[in-house]
Amino acid sequence: GENDIGSTYVEIDLSAQHLYFIKDGSVIMESPLVSGNMSRGWGTPGGVFGLTYKTRNAVLRGADYATPVSYWMPFNGGVGIHDLASRGNNFGGDIYKTNGSHGCINTPLEAAKTIYETVSVGTPVIVY
């Protein structure tokens with residue numbers, strides 16, 4: 001219908017700490033993730049958003065950090081999907097409860113690369 005998001009979107013399941021990228025109705029990649037740190041009140045906000053833009057080799061900055069990332073794809077103000085090398089291969093599970101992000105969706109480098117190379121600006125991002 002008129003409010004349908006279509007058959008290409010990024011789906012972020014916060015309770016499962018898992019991301020799916022659906023293109024033309026098929027899952028083309030999925031990945032574990034780490035979302036916002038719940039113990040610090042930085043939980044990732046749910047909702048339906050559009051990918052704002054995408055860029056390579058950004059430095060994400062906050063009051064107490066400056067973090068270089070290879071792939072940056074914001075979808076809700078300063079909240080976005082990006083790789084985070086300092087996590088190594090530690091994604092998924094309960095990490096977000098005490099060692100999560102400032103609200104962003106951290107993914108392994110290869111997942112961020114695949115999304116970046118395939119996603120278009122404006123693609124819906126569903127966070128729940």
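Listed values, structure above:
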item	result
Filter result (at positive phi and of a type in the set (D, E, K, R)) within the stretch 15-33	24
Conditions (1) among the polar types (S, T, N, Q); (2) over 13 Å from the mean Cα position of the chain (by Cα); (3) under 17 Å from residue 44 (Cβ atoms): number failed by residue 107	(2)
Condition check for residue 58: assigned to a strand (DSSP E or B) and not hydroxyl-bearing (Ser, Thr, Tyr)	yes
First in the stretch 10-25 and free of Cβ contacts under 8 Å to residues at least 40 places away in the same chain, second anywhere and outside any loop (DSSP other than H, G, I, E, B) and of a type in the set (Ser, Thr, Tyr), Cβ under 8 Å, 6 or more apart	22/9
Enumeration of residues in the stretch 47-93 that are of a type in the set (Gly, Ala, Ser), free of Cβ contacts under 8 Å to residues at least 40 places away in the same chain, more than 21 Å from residue 13 (Cβ to Cβ) and surrounded by 11 or more Cβ atoms within 10 Å (Cβ to Cβ)	58, 78, 85
Residues (acidic (Asp, Glu) and within 13 Å of residue 44 (Cα to Cα)) located in the stretch 8-22	13
Checklist (1) more than 16 Å from the chain's Cα centre (by Cα); (2) over 12 Å from residue 101 (Cα atoms); (3) basic (Lys, Arg) applied to residue 54, failing item	(1)
Strands (runs of 3 or more DSSP E) (entirely within the stretch 71-127) containing at least 3 residues that are in contact with a Cys (Cβ under 8 Å, 6 or more places away or on another chain)	79-83
Selection count, the stretch 1-20, where residues are in a loop (DSSP other than H, G, I, E, B) and either open to solvent by 80 Å² or more (accessible area, probe 1.4 Å) or under 23 Å from residue 113 (Cβ atoms) (or both)	10
Single condition residue 121 does not satisfy, out of (1) modelled with pLDDT of 95 or more; (2) out of contact with any Asp or Glu (no Cβ under 7 Å at 6 or more places or on another chain); (3) closer than 16 Å to residue 34 by Cα	(3)
Leading residue by the ranking (surrounded by the most Cβ atoms within 10 Å (Cβ to Cβ)) among those in the stretch 21-46 that are in a loop (DSSP other than H, G, I, E, B) and within 11 Å of the chain's Cα centre (by Cα)	33
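The values are calculated or read from the model by the stated rules, or taken from the named source; none is laboratory data. These numbers come from a predicted model, not from an experiment. Please note: Cβ atoms are built from the backbone with ideal geometry, for glycine as well, and neighbour counts cover all protein chains shown. Keep in mind that these areas ignore ligands, DNA and RNA; they rest on the heavy atoms of the full protein, side chains included. Shrake-Rupley method; radii C 1.70, N 1.55, O 1.52, S 1.80 Å.
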